[in-house]
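What follows is a short report on a single structure.
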Amino acid sequence: MSDGTIATNGSGKDSQPQVENVIVVGSGPSGFTAGLYTARANLNPLLITGNDYGGQVSITYEVENYPGFPDGLSGPELVEKMKEQAEKFGTRIEFDYVTEIVTERRPFVVRTASGKEYETKSVIVCTGASPRYLNVPGEKEYTGRGVSYCGTCDGFFFRGKDVVVVGGGDSAVEEGLFLTKFATRVRIIHRRDELRASKILQHRAFANDKIEFVWNTVVTEITGDAEGKVSGVKTKDTVTGEEGFLETDGVFIFIGHLPNNELLQGKFHLDGDGHLITDSKMRTNVPGVFAAGEIMDKVFKQVATSVGQGCAAAMQAEKFLADLEDEGFPGFEDPREFVRVEGMVV
Ligand code: NAP
């Protein structure tokens, strides 16, 4: 929805028009790293956090595989350290949500939920991903009443209770292990008879007395009691088709994530799963717009890889801006004048 009007940064009509060098969209590990690197490159970046401040790692109880922290640290602690480091070098942080990136004109215009508009020469998209839903009856109805997507946030409420976890990846097993701190029993329901989770997590889960596995099973419905709280899950055996019911107080769902691409639809090239497509230099199909983290990564999805991608995207944005400056910002009103897309994979 580009209306072609000139934005005034940070907005109000009275504020001085000022074009940002780079706006980072998102505040997960890739976003803060992009902020850090562009700040150290003297680009005075603006980072707009989005609604899920810190991204997925901020709801992770313990991060044990991020190098440099041999004793591990909590997700929120890591996020705060990343934020502090990005700010230390000058990243400006706005707690707001980007609703639109206007790419049909240069500079780009970034609009936010609070009604602000920013002009910017480049953008680094780090919008991450959100939990995938089961899409079964009862899931929406009982969310917050026994259905949860975050063990770290809600585990405490299940002290002395029975819970089930749905999924077989790292998240399901890691969160299942975390939930044993509170629940009397944690049953992990997986649609196959083999976990996708890493071996180290598998070993821990198999060794934990409170964890049981329900193999070859999917949840077909979440049921509730008279008080409107979860009472159990209806299940189906994926091999025999046999239907069943497991009584439980809580259902924790960890069946993967979907890229947060709402903002990008229609103007950016996305793959079949909705990830933003970039080339090896983190460039999207729109010159001047780069991406990092789980919005573009469908393979690795680790804090360490997101950080690396954020760094790479920032370095490319810096190079893009330096090239623009060398050319005296040609064609700022017409992006086609300085479009360079060699090597772009779309
Ligand atoms: P994931 O690896 O994609 O695993 C999703 C799991 O949910 C799979 O076991 C999958 O079954 C199952 N599943 C998917 N759709 C389902 C459905 N509709 N019904 C029932 N089950 C369904 O997702 P994740 O566990 O969230 O992990 C995402 C990424 O983050 C991974 O790369 C992971 O390594 C990383 N991560 C790392 C750590 C860590 O290193 N400590 C912690 C958390 C996450 P199938 O196996 O049959 O496909």
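Could you pull out which residues in the stretch 233-250 have an amide N less than 17 Å from a spot 7 Å beyond the Cα of residue 215, following the Cα-Cβ vector?
Under 17 Å, as judged by backbone N against the label point of residue 215, lie 236-242 of the stretch 233-250.
Testing the spin-label approximation: label points 7 Å from Cα along Cα→Cβ at residue 280 and residue 156. State their distance in nm.
Once both label points are built, they end up 4.8 nm from each other.
Could you sort 277-290, 88-101 so that the peptide with the highest average Cβ count within 10 Å comes first and the rest follow in order?
Descending packing order for the listed peptides: 277-290, 88-101.
Specify the inter-centroid distance of the stretch 152-185 and the stretch 44-95, based on alpha-carbon positions, in whole Å.
24 Å
Considering only 69, 269, 328, whose Cα is most displaced toward the positive end of the charge dipole of the chain, charges sitting on Cβ of Lys, Arg (+1) and Asp, Glu (-1)?
Value computed over the given set: 69.
Apply the a/c threshold of 1.5 to the C-alpha gyration tensor of the chain and tell me whether it is rounded, prolate or oblate.
Judged from the Cα gyration tensor, the chain comes out prolate (a/c at least 1.5, a/b above b/c).
Please rank 275, 190, fewest neighbouring Cβ atoms within 10 Å first, as an exposure proxy.
The fewest-first ordering by Cβ neighbours comes to 275, 190.
Take 269, 203 and order them by how many other Cβ atoms sit within 10 Å, fewest up front.
203, 269
Going highest first, how would you order 253-265, 209-221 by mean Cβ packing within 10 Å?
My ranking of the peptides, most packed first, is 253-265, 209-221.
Ranked by Cβ crowding within 10 angstrom, fewest neighbours first, how are 121, 298 ordered?
Fewest-to-most ranking of 121, 298: 298, 121.
Can you compute the modelled spin-label distance between residue 240 and residue 271, with each label point 7 Å from Cα toward Cβ, in nm?
The modelled label-to-label distance comes out at 3.8 nm.
Every number here is computed from the coordinates shown, using simple stated rules; none is lab data. Owing to the predicted nature of the structure, the values given are computational and were not obtained by experimental measurement. A quick note on method: Cβ atoms are made from the backbone with ideal geometry, for glycine too, and the neighbour counts reach across all protein chains shown.
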